[in-house]
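Quick notes on the structure that follows.
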Amino acid sequence: MLSKKIIENVLYEALSTGGDFAEIFVEDKYTTNMKMIGGILEDSISGRDYGVGIRIFNGFNSIYAYTNDSTEENLIKVAKEAALALNLDKKNIILNLMKNDVKNNNKIITLPRSVEKVKKIEIMKSGYLSAKNYDEVISQVTVSYLDEEQNVLIANSEGLMAEDKRVRTRMAIQSVATKSGEMQIGFSAPGASMGFEFYENIDIEEHGREASRIAKIMIDAELCPSGKMPVVIHNGFGGVLFHEACGHGLEATSVAKNTSVFSNKLNERVASSVVTAIDDGTIPNEWGTTNIDDEGTPTRKNLLIENGILKGYLVDKLNGRRMDYEPTGSSRRQSYKLPPTSRMNNTYIANGKSTFKEIISNTESGLFAKKLGGGSVNPATGDFNFAVMEGYLIENGKITKPVRGATLIGNGTEVLDKIDMVGNNLKLAQGMCGSVSGLVPVNLGQPTIRVKNLTVGGRKGDE
């Protein structure tokens, strides 16, 4: 990384034209990406990415510059050029960088880059075979492997200097079932902020079978009817609906600009009284957990909605200035090439009081969305549509036949108000979230919930 003296010199130069805050972000990242299609390794990319980002504030304005040349001479040059863009009067500057102690939320046993690639390929092959051999209807299986080690150093003109090591491991298995010209996809993608010991804690063959199970069931399913109906959304990846349709609206990135439906609504009712929502960046070894955010602020558990009342936002340093709100340990970025902003970490709807059995038995008819797929959301309005990867009809209070082609259509804030039952079976699932500061790993989750009335788009009658 960089010496304290170099960091101080760069920060002095960054503030030389009158900025009121300067920050340096140093990143050293090792990554391995591999893809197996049809049991054959098609892609294998390993690499190292190193660079430095320099950010300067003046009031509510900011300047950002980055470079992969970390010599002192070049960093001084980059900082000076960024500072000149502010064109302000020079101020007297006193820096006192003190190294911060960082609490470790993620215990790592085996760094992935210390493991031979052949062992990683063996695990991929195991996942592939379990998925492909599940049933003859499975026509193709794709297995993707990822591990990364990201070392960061963050220092700023307020005296902060902190370092963090982030290690993540993940494998994704996608199965395709083909029958009578139709194709259906199943997917399972476990991941964690762990080293290679992750694969001692999970059964990757079971995840392969799970991906193929979904694809097989859906290829034989009837077409889903359309219309407004009660929808029960299962735990785990069902939380993607809250994440996309509501979670992004709670990030200061949009709240500070008054482009969020949740702007200026603190302590107001924004959801049903059975809904409590949390973002927690400290859960040990979870996919979205870090020790500090990308501004050096310790991550923490943030209460967003409590019993339907809006209690908080996810806030970064710059937008915190605009909102007069302290940072919440939620500032994230994909790499040194992007400035950070407020993002989710591990976001979920908290456990309620109902059991899964009670939710189903109290639903006379409707749709059980066991697993959601991809979708799209308008962050300004909260309007969304999500594909249902695995769905079933609910008839007479019981889950009956599988149905395919279902889509959930609605509005985030309206759905929050229509949730009338929340289960006690909270589960988290892993995903990658995209926003203005790039792709970052996040956990999303929820217990089983029931939305009393939601528009379901289906294909029944289209053919």
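The values are calculated or read from the model by the stated rules, or taken from the named source; none is laboratory data. No experiment lies behind these values; they were computed from the predicted model shown. As a convention, Cβ positions derive from the backbone with ideal geometry for all residues, glycine included, and neighbour counts pool all protein chains shown. Please note that ligands, DNA and RNA were not included when accessible areas were found on the heavy atoms of the full protein model with its side chains. Shrake-Rupley method; radii C 1.70, N 1.55, O 1.52, S 1.80 Å.
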query: Quick one: helix 4-14 against the long Cα principal axis of the chain, what's the angle to the nearest 10°, folded into 0 to 90?
result: 90 degrees
task: Of the options Leu15, Thr347, Thr455, report the single residue whose Cα projects farthest towards the positive end of the charge dipole of the chain (beta-carbon charges: Lys, Arg +1; Asp, Glu -1).
output: Thr455
task: Using only protein heavy atoms and a 1.4 Å probe, report how much of Met183 is accessible, in Å² to the nearest 10.
output: 130 Å²
- prompt: Which three lengths, in whole Å and largest first, does the chain cover when its Cα atoms are put on their principal axes?
  reply: 74, 55, 37
task: Rounded to the nearest Å, what's the spacing between the alpha carbon centres of the stretch 113-186 and the stretch 282-361? Just the number, please.
output: 24 Å
- prompt: Roughly what % of DSSP beta bridges within the chain run antiparallel, to the nearest 5?
  reply: 90 percent
query: With +1 on each Lys and Arg Cβ and -1 on each Asp and Glu Cβ, how big is the dipole of the stretch 363-455 about its Cα centre, in debye rounded to the nearest 20?
result: 340 debye
statement: Taking placed amide H atoms and a strict 5 Å upper bound, the residues 5 or more places from Arg459 or on another chain that come that close are Cys224
statement: A correct Karplus calculation of ³J(HN,Hα) over the stretch 24-37, with 6.51 cos²θ - 1.76 cosθ + 1.60, θ = phi - 60°, whole Hz and x for Gly and Pro, returns 10, 10, 10, 10, 10, 10, 10, 9, 10, 10, 9, 9, 10, 10
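On a 1.4 Å probe surface of the protein chains, which of Glu326, Glu27 comes out largest in accessible area, and what is the full order?
These residues rank, largest area first, as Glu326, Glu27.
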- prompt: Taking a 29 Å limit on the Cα-Cα distance, which of the listed pairs Lys29/Lys117; Lys99/Lys337; Lys99/Lys311; Lys77/Lys317; Lys80/Lys265; Lys119/Lys371 fall beyond it?
  reply: Lys99/Lys311; Lys80/Lys265; Lys119/Lys371
query: For the chain, what is the charge dipole size about the Cα centre, in debye to the nearest 20, if Lys and Arg each add +1 at the Cβ and Asp and Glu each add -1 at the Cβ?
result: 480 debye
message: For the stretch 404-450 and the stretch 256-279, what is the centre-to-centre distance using only Cα atoms, to the nearest Å?
response: 15 Å
statement: With the convex hull built on the alpha-carbon atoms of the stretch 8-136, volume per residue in Å³ sits at 197 Å³
field: Tilt relative to the chain, helix 204-219 - C-alpha long axis, 0 to 90 degrees, to 10
entry: 50 degrees
statement: Given Cβ charges of +1 for Lys and Arg and -1 for Asp and Glu, the option among Gly405, Val78, Leu111 whose Cα lies farthest towards the positive end of the dipole of the chain is Gly405
- prompt: Under 5 Å between amide H atoms, partner at least 5 residues away or on a different chain: which partners does Asn453 have, H built in plane at 1.01 Å?
  reply: Val231
The stretch 267-275 - phi-based ³J(HN,Hα) in whole Hz, Karplus 6.51/-1.76/1.60, Gly and Pro as x: 6, 9, 6, 10, 8, 4, 5, 8, 9
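Tally Lys/Arg at +1 and Asp/Glu at -1 over every other residue whose Cβ is under 12 Å from the Cβ of Val102; what's the total? Mind showing how you got there, number by number?
On the way: positive: Lys99, Lys103, Lys165, Arg166; negative: Asp101, Glu163, Asp164, Asp293.
Every neighbour counted, the sum reads 0.
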message: Give me the percent of accessible area attributable to carbon and sulfur for the chain, probe 1.4 angstrom.
response: 48 percent
Charged-residue dipole, Cβ positions (Lys, Arg, Asp, Glu), the stretch 178-235 about Cα centre, Debye nearest 20: 380 debye
message: I'd like the orientation of helix 117-132 relative to the chain: the angle between its Cα long axis and the longest Cα principal axis, in ° from 0 to 90, rounded to 10.
response: 20 degrees
query: Got the relative contact order for the chain handy, in percent, Cα pairs under 8 Å and 6 or more residues apart?
result: 16 percent
query: Can you work out the base-10 log of I(q)/I(0) for the stretch 294-379 at q = 0.11, 0.16, 0.17, 0.18 1/Å, using the Debye formula on its C-alpha atoms alone?
result: -0.50, -0.85, -0.91, -0.96
message: Out of the trypsin sites (Lys or Arg not before Pro) in the stretch 101-185, which ones are loop residues according to DSSP with at most 16 other C-beta atoms within 10 Å?
response: Lys103, Lys107
task: Work from the charge dipole of the chain (Cβ charges, +1 for Lys and Arg, -1 for Asp and Glu, about the Cα centre) and give the residue of Ile123, Ala429, Ala369 farthest towards its positive end.
output: Ala369
